[in-house]
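Take a look at the structure below.
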Amino acid sequence: MPEHRPPGGSRIFAGLDIGSSAVKVVLLDGDGSFAGHAVRVLGSDLRHAAAAALDDAAGEAGLKRPSFDGLVATGFGRSAWTEASAAKTEISCHAKGSYHDVRRPHTLIDIGGQDCKIIRIDGQGRRMGFRMNRKCAAGTGAFLEEAALRLRVGLETFDDLARSSTRDVEIGSYCTVFAAAEILHLIRRGVEMPDIVKGLFGSIVQRTMEMDLLEGDVVLTGGVAAHHPFLIRMFETRLGRPVIVPPRAQFTGALGAAIFALEAWSGRHA
Amino acid sequence: MDVGRIVTFKPFASSARMRELMAGYFRDLNRAALEGRPKIAWCSSVGPAELLLSLGYAVFYPENHAAMLGATREARKTIPVANAAGYSPDICSYLTSDIGAYLRRETPLSKVYPEIVTVPRPDVLVYNNVQCRDVQEWFSWYGREFAVPVLGVATPRNIAAITPELLAGIAGQIRALVPPLEKIAGRRFDIDRLRAVMSLSRDGSEMWKRVLEANRVRPAPLSFFDAAVHMGPAVVLRGTEEVLAYYRVLLREVEGRVARGEGAVEGERFRLYWEGMPIWGKLRDLAEFFIGLRTNIVASTYCNSWIFESGDLADPFLDLARSSAGLFIAWDEDAKERYLRDMAETYGVHGFIFHDAKTCPHNSNNRYGLPGRLEKATGIPTLTIHGDVNDLRCYSEDQTRTAIEAFIERLEEG
């Protein structure tokens with residue numbers, strides 16, 4: 001039993017998603033209700049960032065310290081958090097979290113910092129298959145980060161810039177390095193910054209749609225979706241139908257991990 | 001994953017005998033190179049080795065040498081040398097690692113057998129391009145380097161059906177190799193000698209098949225990773241008594257495991273099929289990873305490729321052609337799919353792993369939609385991982401492990 005409980009004395013279960021760019025935490029109480037969350041930039045000290053995110057989330061949940069009845073770690077750094085009661089891949093956790101939000105068959109696209117995954121989920125929440133991007137960063141958050149550096153523009157301004165674009169520009173390269181060369185070419189041609197940024201968004205949409213046939217309802221998660229609503233609009237235009245973005249789109253993997261932690265505890269105490 | 005991470009790699013006692021055999025083979029080759037006799041032929045893995053052996057050649061297999069460069073990770077140093085010499089990073093990394101090693105005047109053989117300082121100088125190089133164009137380019141490089149003849153057989157690819165005309169065409173090409181090979185060997189061709197070598201070769205192949213087929217049972221006594229190592233003698237000692245004797249010994253050990261109900265993977269939960277080339281530099285790592293997941297890769301096209309189709313030896317050239325055209329890599333997509341469906345049933349597999357080897361397009365069978373068709377037809381899940389046969393620059397450890405773990409988690413869900 002944890003020593004410090006939030007008001008009401010509920011149990012608390014944690015999902016810790018150690019991604020390549022950020023650490024995300026979701027806390028659920030014993031009923032599966034949302035209790036807290038936090039995000040921290042990964043930086044160079046993975047364990048420090050994870051501990052800080054757990055602290056933040058525990059604070060939001062009213063815990064005096066981060067002590068949980070179960071914690072499942074996920075993401076590329078999942079095995080580094082040795083205190084976890086279990087580790088699950090981000091594929092399983094995203095599927096779990098997404099089905100929790102959507103509750104029907106769908107195709108999940110998670111655009112993370114380092115990878116892009118497409119997971120087909122059936123009506124019972126089972127994964128019917130998944131695809132991940134190949135080793136190149138094109139189509140991922142890292143691609144936008146790299147471009148922001150190249151353009152000397154803050155990433156947080158990208159969405160507004162893209163929204164104000166007045167003409168379509170195509171950035172067609174598979175490769176992030178080649179795409180950077182294309183950007184230079186566009187700058188030389190005098191193409192406006194908003195149009196370049198919209199071209200970058202278009203490139204992410206295109207790379208993602210090349211990975212799989214996007215059938216049925218499409219759900220978009222991950223930091224890129226959470227922070228760039230205009231990119232979602234572009235996705236919908238390209239797809240020809242609306243996409244679903246869960247309320248905490250960046251935390252879907254952490255949510256799934258927390259559900260796994262809760263389910264494991266419930267299984268042991270059934 | 002919640003699975004116990006106990007990793008127990010179970011070596012076979014027969015491995016000691018295999019090492020002796022391989023040592024004898026490489027030392028004999030080295031002696032031949034130093035003494036100038038018998039003549040040395042370099043042969044591609046599915047080239048007409050039996051013909052060369054029947055003419056008295058000592059036969060060296062560059063693909064085996066390249067696999068050693070991959071397994072020892074020496075390829076990391078040698079591939080860039082070939083790239084710098086004008087051989088693209090996008091072409092076969094067997095080729096680039098091997099040519100790079102030669103340019104660096106290195107061979108992994110020296111580390112195991114200090115008296116061997118270089119690969120044996122060839123008197124002739126003989127290829128069968130059934131697997132790819134690259135093998136021809138690879139051998140041609142050495143042909144220019146050593147100023148020796150390069151002879152070859154062109155086997156059609158995307159074969160839908162093996163017809164008499166197809167076999168006659170390949171057989172004719174192999175027969176045409178005889179006069180130049182006789183001349184280089186300084187020895188007359190003897191068709192009965194060829195039949196005798198082929199008979200031994202077929203017996204060895206049959207014994208290897210029995211070893212692999214022992215994996216039909218649960219738990220499977222050996223893994224793909226074991227088999228990829230133990231196929232060494234099948235590759236380099238084709239057509240010899242020793243290889244037949246070796247696989248009898250190995251089969252006995254494998255059958256002992258079967259009798260005791262002992263699997264290569266403790267607590268085997270899932271049985272997978274590996275389609276495509278091994279990732280040589282990660283063979284041991286992946287073997288241990290799968291043991292940790294309590295999952296065994298029980299069968300593979302790669303290891304099955306040294307089971308040669310054979311008929312009667314009345315016309316041995318026709319039979320060599322049959323072996324060549326009977327290789328998986330030569331078939332069209334429908335034939336490949338039928339074969340994989342058959343393998344799934346034979347070995348009771350829960351999933352297929354397709355290895356998309358960046359530099360080996362012809363042996364990356366995921367590229368024309370086969371995993372999707374297979375999954376639809378059988379209901380068996382497939383996973384494609386991206387890597388390479390020898391070039392670890394094309395391999396992402398984290399991404400591969402995550403994909404495999406996620407695949408196993410999917411199988412756990414049922």
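The values are calculated or read from the model by the stated rules, or taken from the named source; none is laboratory data. Computed from a predicted model, the values in this text were never measured in an experiment. Heads up, the Cβs are rebuilt from the backbone with ideal geometry, glycines too, and the neighbour counts pull from every protein chain shown. Please note that ligands, DNA and RNA were not included when accessible areas were found on the heavy atoms of the full protein model with its side chains. Shrake-Rupley method; radii C 1.70, N 1.55, O 1.52, S 1.80 Å.
Per-structure values
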| item | result |
| --- | --- |
| Listing of helices (runs of 4 or more DSSP H) fully contained in segment B:155-270 that carry 3 or more residues being over 24 Å from B:Ala330 (Cβ atoms) and free of Cβ contacts under 8 Å to residues at least 12 places away in the same chain | B:241-260 |
| Matching entry among A:Ser33, A:Ser67 (being surrounded by fewer than 20 Cβ atoms within 10 Å (Cβ to Cβ), among the polar types (S, T, N, Q), more than 14 Å from every other protein chain (Cβ to nearest Cβ) and without any contact (Cβ under 8 Å) to a residue 24 or more places away in the chain) | A:Ser33 |
| Filtered residue count, segment B:394-406, keeping only those that are part of a helix (DSSP H, G or I), more than 8 Å from chain A (Cβ to nearest Cβ) and either of a type outside the set (S, T, N, Q) or surrounded by fewer than 20 Cβ atoms within 10 Å (Cβ to Cβ) (or both) | 3 |
| Some residue of segment A:44-64 being open to solvent by less than 10 Å² (accessible area, probe 1.4 Å) and at the interface with chain B (Cβ under 10 Å from one of its Cβ atoms) | no |
| Of all residues making up segment B:167-198, the number that are open to solvent by 30 Å² or more (accessible area, probe 1.4 Å) and either at pLDDT below 95 or in contact with a Lys or Arg (Cβ under 8 Å, 6 or more places away or on another chain) (or both) | 3 |
| Failed criterion for B:Val254 (all others in (1) over 15 Å from B:Asn296 (Cβ atoms); (2) crowded, with 24+ Cβ neighbours inside 10 Å hold) | (1) |
| From the options B:Lys336, B:Lys358, residue that is among the basic types (Lys, Arg), within 11 Å of another protein chain (Cβ to nearest Cβ) and either over 28 Å from A:Ile121 (Cα atoms) or out of contact with any Cys (no Cβ under 6 Å at 6 or more places or on another chain) (or both) | B:Lys358 |
| In segment B:297-334, the residues that are surrounded by fewer than 21 Cβ atoms within 10 Å (Cβ to Cβ) and of a type in the set (D, E, K, R) | B:Glu309, B:Asp312, B:Asp315, B:Arg322, B:Asp332, B:Glu333, B:Asp334 |
| Hits in segment B:120-134 - residues which are of a type outside the set (S, T, N, Q) and surrounded by fewer than 24 Cβ atoms within 10 Å (Cβ to Cβ) | B:Pro120, B:Arg121, B:Asp123, B:Cys132, B:Arg133, B:Asp134 |
| Segment A:70-85, subset within 11 Å of chain B (Cβ to nearest Cβ), open to solvent by 10 Å² or more (accessible area, probe 1.4 Å) and hydrophobic (A, V, I, L, M, F, W, C), residue nearest to A:Gln114 (Cα to Cα) | A:Phe76 |
| Breaking point among (1) within 14 Å of another protein chain (Cβ to nearest Cβ); (2) part of a loop (DSSP other than H, G, I, E, B), for B:Glu309 | (1) |
| Pick from segment B:382-393, criterion surrounded by 21 or more Cβ atoms within 10 Å (Cβ to Cβ) and not charged (D, E, K, R), ranking: nearest to the other protein chains (Cβ to nearest Cβ) | B:His386 |
| Those helices (runs of 4 or more DSSP H) lying entirely in segment B:21-95 with at least 3 residues under 24 Å from B:Arg187 (Cα atoms) | B:49-54 |
| Hits in segment A:86-122 (condition: open to solvent by 30 Å² or more (accessible area, probe 1.4 Å) and more than 9 Å from chain B (Cβ to nearest Cβ)) | A:Lys96, A:Tyr99, A:His100, A:Asp101, A:Arg103, A:Arg104, A:Pro105, A:Arg120 |
| Test: residue in segment B:139-150 that is of a type in the set (Phe, Trp, Tyr) and touching a Lys or Arg at 6+ places or on another chain (Cβ under 8 Å) | yes |
| Total residues in segment B:96-113, condition open to solvent by 40 Å² or more (accessible area, probe 1.4 Å) and not in a helix (DSSP H, G or I) | 3 |
| Test result for A:Thr237, buried (at least 24 other Cβ atoms within 10 Å of the Cβ) and either under 23 Å from A:Ile12 (Cβ atoms) or β-branched (Val, Ile, Thr) (or both) | no |
| Subset of segment B:136-148 [closer than 20 Å to B:Gln173 by Cα and surrounded by fewer than 16 Cβ atoms within 10 Å (Cβ to Cβ)] | B:Ser140 |
| Residues of segment B:267-276 that turn out to be open to solvent by 10 Å² or more (accessible area, probe 1.4 Å) and either modelled with pLDDT under 95 or touching a Gly at 6+ places or on another chain (Cβ under 9 Å) (or both), as a count | 2 |
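The rows are residues; the columns are (1) of a type outside the set (Gly, Ala, Ser); (2) buried (at least 18 other Cβ atoms within 10 Å of the Cβ); (3) at pLDDT below 85.
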| position | (1), (2), (3) |
| --- | --- |
| A:Met128 | yes, no, no |
| A:Arg134 | yes, yes, yes |
| A:Gly139 | no, yes, yes |
| A:Ala147 | no, yes, no |
| A:Arg152 | yes, no, no |
| A:Ala162 | no, yes, no |
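Residues are listed down the side, and each one gets a yes or a no for (1) within 14 Å of another protein chain (Cβ to nearest Cβ); (2) in contact with a strand residue (DSSP E or B) (Cβ under 9 Å, 6 or more places away or on another chain); (3) of a type in the set (Val, Ile, Thr):
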| site | (1), (2), (3) |
| --- | --- |
| A:Leu231 | no, yes, no |
| A:Phe235 | no, yes, no |
| A:Pro242 | no, yes, no |
| A:Val245 | no, yes, yes |
| A:Gln250 | no, yes, no |
| A:Ala254 | no, yes, no |
| A:Ala257 | yes, yes, no |
| A:Leu262 | no, yes, no |
